[in-house]
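Just so you know, all these numbers are worked out from the coordinates, no wet-lab data involved. Since the structure is predicted, the reported quantities are computational estimates derived from the model, not experimental observations. Virtual Cβ from ideal backbone geometry, glycine too; neighbours counted across all protein chains shown.
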Amino acid sequence: MLVALLLGTLILGGSAGGLWFFGGQTPHQLQKEVAKLEPDKASRKPIDYTLDQIEAQSKRLQSERKGLEKDVFVAMERHDTPAEQFRTLAARSDKISESVGRDLLDLRFALRSQLSEEQWRRLFPPSSVLPQQ
């Protein structure tokens with residue numbers, strides 16, 4: 001069961017690279033959209049820096065998850081791997097998700113503070129799926 005949970009986290013959790021914090025958009029896509037919203041390059045410098053940080057954290061997440069995935073599959077290939085090793089791998093997975101998730105959330109708030117209300121809503125329009133109140 002522990003192995004199945006770990007694999008599910010790696011496969012499902014790792015696919016988005018943490019980008020669900022940003023509406024599923026990649027940092028490159030966000031940069032293109034921000035350039036449309038804020039054409040002045042000087043005004044855009046701090047925003048671009050934040051987007052570069054988002055990209056770096058996203059790459060870090062992907063790299064760490066790839067390494068973890070490799071270690072999990074190596075452990076699974078050995079049929080005598082003790083359960084404790086899988087618990088250690090699961091703890092490592094949790095630590096990666098917590099660390100990068102916290103960093104990406106902080107960067108989302110930084111980006112939010114650098115954009116006007118209108119720019120933010122254009123970059124991340126409210127979902128039409130949610131019920132209107």
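Under 17 Å from a point placed 7 Å out from the Cα of Leu37 along the Cα-to-Cβ direction: which residues of region 86-119 have their backbone N that close? Flagged as within label range: 105-119. The calculated FRET efficiency for Glu117 paired with Lys95, based on their beta-carbon distance and R0 = 35 Å, is about 0.50.
Placing one equal scatterer on every Cα of region 42-114 and applying the Debye formula, the log10 ratio I(q)/I(0) at q = 0.18, 0.19, 0.23, 0.28 Å⁻¹ is -0.73, -0.78, -0.96, -1.19.
Sorting the segments 80-88, 28-36 by their residues' average number of neighbouring beta-carbon atoms within 10 angstrom, most packed first, yields 28-36, 80-88.
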